[in-house]
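To keep things clear, I will list the structure first and then write my remarks on it.
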Amino acid sequence: QVQLVESGGGLVQAGGSLRLSCAASGSIYSINVMGWFRQAPGKQRELVARITSGGFTIYASSVKGRFTISRDNAKNMLYLQMSSLKPEDTAVYYCNAVIDERNYWGQGTQVTVSS
C-alpha cells in the first residue's frame, strides 16, 4: 500500500518561513511527477508547485520567488521551502505524486500565517 505523509506545517507570522516534507512509502517502483497543492477554506484546491523526476519545476505565479520545491529521489521525499509567507498562503497543503502510473494524495498539513 503506497502512502504519502506530509509534515512540517504549523503557525507562523507573516514574513516567516516553513519547510514542508512529504514521505512516500510502500511498494514503489518509480515516482514520476510530484507536487504540492493547497486548499484554503471556501476555495478550490490549487497547484502550488510541481517537480518532475528529472528536476524540472513549475510554480504558481502567487508563490514564484518565495517557494522552492525539491525532491530526493533516493529517499522518495518531496520538500517545499516556503519563505516570505503571507496570510493568503494559509491553507491545507497536500502532497501529490504519480507513483507507478497511479495518482496519490497525502492527508494534508495545515499552514497558518498570521498577520
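The values are calculated or read from the model by the stated rules, or taken from the named source; none is laboratory data. Keep in mind that what you see is a predicted model, and the values were worked out from it rather than measured. Ideal geometry is used to build each Cβ from the backbone, glycine not excepted, and the neighbour counts take in all protein chains shown. The area values use the complete protein model at the heavy-atom level, side chains included, leaving out ligands, DNA and RNA. Shrake-Rupley method; radii C 1.70, N 1.55, O 1.52, S 1.80 Å.
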Of the options S53, S84, V12, report the single residue whose Cα projects farthest towards the positive end of the charge dipole of the chain (beta-carbon charges: Lys, Arg +1; Asp, Glu -1). S84
First select every other residue whose beta carbon is under 15 angstrom from the beta carbon of Y29; then total the charges, Lys and Arg +1, Asp and Glu -1. -1
Ordered by packing density, taken as the mean number of other Cβ atoms within 10 Å over each peptide's residues, highest first, how do 89-98, 76-85 rank? 89-98, 76-85
Post the alpha-carbon centroid distance, segment 9-35 to segment 40-71, in whole angstrom. 11 Å
Given a 1.4 Å probe, the accessible area of the chain per residue, as a whole number of Å², is 54 Å²
First select every other residue whose beta carbon is under 10 angstrom from the beta carbon of V92; then total the charges, Lys and Arg +1, Asp and Glu -1. +1
Label segment 53-115 by shape, choosing from rounded, prolate and oblate, from the square roots a ≥ b ≥ c of the eigenvalues of the Cα gyration tensor; if a/c is under 1.5 it is rounded, and otherwise prolate applies when a/b is larger than b/c, oblate when it is not. prolate
